[in-house]
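Enquirer: Mind looking over this structure? Questions follow.
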Amino acid sequence: MSIAAEFLTVKRKSTFRIPNTMVIPKFGPIIEDIRESRHREYVFKGGRGSTKSSFVSLAALEVFMNNKQLHWLVLRDVKDTLKDSVYAQICWAISSTGLEEEFEFKTSPLEITRKSTGQKIYFRGADKPTKIKSIKPKFGYIGILWFEELDQFKGEEAVRSIEQSALRGGSLVWNFKSFNPPKSSLSWANRYSKEAKSGKLVTHNTFEDVPREWLGDVFLEEAEHLRQTKPEAYEHEYLGVANGVGGAVFDNVTAREITDNEIKIFDRIYNGQDWGWYPDPNRFVKMHYQASRKELYIFGELSGNKISNEKWQEMFEESGFVSKDELIIADSAEKKSVKYFRDAGYLMKAAKKGAGSVETGMKWLLSLCSIIVDPVRCPHTYKEFSEYEYLRDKNGEVISGYPDENNHSIDAVRYATEPLWRRNG
């Protein structure tokens, strides 16, 4: 009989336990700590493939099943990222422990209800604070919180405000926080994880703590490739080390001349278009991707303010490097402009975008061994990539968000390379 079946029999066991086989050895002492409620706050940080999010979903589910008066609130910084991340993660935890029949799943609104007790698992985005304050359980109280991708929240004060709104009514509380450390050592989340605080337990782990068969050959090969070709990026992404200084986003940008002879042999060309008028400019960027070396070469740009589609088409034609035979991926916000250029014979389509696309695209760009920009051919693009910094909160501390300003070329590059990072991201 499975652990779920045994727990859900008429006689019911007094407690529900996650099988030891579902938890990596490093998390063994942690789940015992959680079971005994030795701490109120558990911070999990680490690199890619560390299984921290999987562990939190399982450990919090165990707490939820054993405390019938508790409800569970799961949070991301942005509401639209919930369904494909934490909601899917908790559905996995429930399914993998054989508890599907015990729960009712809803997607509008996002909510999971335990049928036998009426306990709720709520999902909210920090960008909709009124939705958090409006949660009123019919019984009991919210005693389990999970802040996933902690570094994406707008600073410690914003997180504390959510805690004050949500954690009311009971003394037994489990507050989980998980994140991949941002590169910048100045990130508020990196600094927060180092601060001593009564009742807080911080755990750092990496994929090296995980059984190799859990990760698979492809994951391990990618990690080893990055370790050999770009050790600093490997240290950050896979080992979770904050090895950056200051708030600069891109440390993999190289400025150099890209010669005509090089351009002649470029065979994988990507084109991106970001629309603008004033003060935001129209921006077109042309590039080549060398997959074997994970290098992106940016060698063409067009830019201008207050330019009509007709004039922009003229600039395309005069440039000599915008071809009607090459795909151009453009910002989908300007459907009329995309249609204009399609009608004019250009192979242009709108970017898919969607929840989480900025973060996914940016992480892919940051994972490249090098982004090579010709500063003479592409002055605006080089300026953006070299000066782009992470967001800061009102106290000047770095937070892991990407500001939507002075990033027109960056957006165009994201759109252009969308087929690459959607496939490999």
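Derivation of every value follows stated rules applied to the coordinates shown; laboratory data play no part. Since the model is a prediction, treat every value here as computed from it, not as a measurement. Here the Cβ is made from the backbone with ideal geometry for all residues, glycine too, and neighbour counts use every protein chain on show.
Enquirer: By a straight-distance test (C-alpha under 13 Å), which aspartates and glutamates pair with LYS306 as possible cross-link partners, with residues fewer than eight away in the same chain excluded?
Expert: List returned: ASP280.
Enquirer: On to the next question. Suppose only helical runs count, i.e. DSSP H with n ≥ 4. What mean residue ellipticity at 222 nm does that imply for the chain under -39500 (n - 2.57) per run, divided by all residues and rounded to the nearest 500 deg cm²/dmol? Could the numbers behind the result be given before it?
Expert: Details: 17 runs with 146 residues, N = 425.
That comes out to -9500 deg cm²/dmol.
Enquirer: Give me the percent of Cα-Cα pairs in region 137-252 that sit more than 25 Å apart, rounded to a whole number.
Expert: Working: 2571 of 6670 pairs.
Summing the P(r) tail past 25 Å for region 137-252 gives 39 percent.
Enquirer: Write down the Å³ per residue value for the convex hull defined by the alpha carbon atoms of region 8-129.
Expert: Working: hull volume 15.5 nm³, N = 122.
Hull volume over Cα atoms, normalised by residue count, gives 127 Å³.
Enquirer: Over 20 Å between C-alpha atoms is what I'm after, so list which of LYS26/LYS200; LYS45/LYS154; LYS79/LYS352; LYS183/LYS230; LYS131/LYS200; LYS154/LYS194 land there. Before the final figure, lay out the partial values.
Expert: Values: LYS26/LYS200 18 Å; LYS45/LYS154 18 Å; LYS79/LYS352 18 Å; LYS183/LYS230 14 Å; LYS131/LYS200 27 Å; LYS154/LYS194 18 Å.
The pairs that break the limit, which is 20 Å between Cα atoms, are LYS131/LYS200.
Enquirer: Using a basic spin-label model with each label point 7 Å from the Cα along Cα→Cβ, how many nm lie between GLU387 and ASP33?
Expert: 4.5
Enquirer: Give me the extension gain from PHE321 to THR130: residue separation times 0.36 nm, minus the current Cα-Cα distance, reported in nm with one decimal.
Expert: Gain on extension, PHE321 to THR130, equals 63.8 nm.
Enquirer: Taking the dipole about the Cα centre of the chain, with the C-beta of Lys and Arg at +1 and of Asp and Glu at -1, give me whichever of ALA248, LEU302, PRO403 is farthest to the positive side.
Expert: PRO403
Enquirer: Could you grab the Rg to Rh ratio for region 253-424? Cα atoms only, Kirkwood for Rh.
Expert: On the way: Rg = 15.7 Å, Rh = 16.5 Å.
Ratio of gyration radius to Kirkwood radius for region 253-424: 0.95.
Enquirer: Taking the Cα centre of the chain as origin, sum charge times position over the Cβ atoms of Lys and Arg (+1) and Asp and Glu (-1), and report the length of that vector in debye to the nearest 20. Could you put the intermediate results ahead of the total?
Expert: Values: 62 positive and 61 negative charges, 423 e Å.
For the chain, the charge dipole is close to 2040 debye.
Enquirer: Follow-up. Taking the chain as a Gaussian network, Cα atoms linked when under 10 Å apart, which of ARG114, ARG35, ARG293 shows the biggest mean-square fluctuation?
Expert: ARG293
Enquirer: To make sure I understand the rule: partners must be aspartates and glutamates, Cα under 13 Å from the Cα of LYS286, and not fewer than 8 residues away in the same chain. Which ones qualify?
Expert: Once the sequence-local aspartates and glutamates are set aside, what remains near LYS286 is ASP267, ASP274, GLU301, GLU326, ASP374, ASP411.
Enquirer: I'm a student and want to see the number: the projected area of the Cα convex hull of region 3-214, averaged over all directions, in nm².
Expert: On the way: hull surface 46.8 nm².
Computed as one quarter of the Cα hull surface, the answer is 11.7 nm².
Enquirer: Using Cβ counts within 10 Å as a stand-in for footprinting exposure, how do LYS79, LYS339 rank, fewest first?
Expert: Values: LYS79 17, LYS339 13.
Final ranking by Cβ density, sparse to dense: LYS339, LYS79.
Enquirer: Can I ask one more? Be a star and scan region 89-116 for residues whose amide nitrogen sits under 15 Å from the point 7 Å along the Cα-to-Cβ vector of GLU213.
Expert: Inside the label zone: nothing.
Enquirer: Choose one of HIS71, ALA126, HIS39: the residue whose Cα lies farthest towards the positive end of the charge dipole of the chain (beta-carbon charges +1 Lys, Arg; -1 Asp, Glu; about the Cα centre).
Expert: Ranked along the dipole, the leading option is HIS71.
Enquirer: Could I ask something else about it? What residue among PHE16, PHE153, PHE64 has the largest mean-square fluctuation in a Gaussian network model of the chain, using Cα springs under 10 Å?
Expert: Of PHE16, PHE153, PHE64, the most mobile in the Gaussian network model is PHE16.
Enquirer: Separate question: Show which aspartates and glutamates lie in cross-link reach of LYS83 when reach means a straight Cα distance below 18 angstrom and same-chain residues fewer than eight apart are skipped.
Expert: Result set, ordered by chain and number: GLU100, GLU104, GLU111, ASP127, GLU148, GLU149, GLU359.
Enquirer: Based on Cα positions only, what radius of gyration and what Dmax would you give for the chain, in angstroms?
Expert: 24.2, 80
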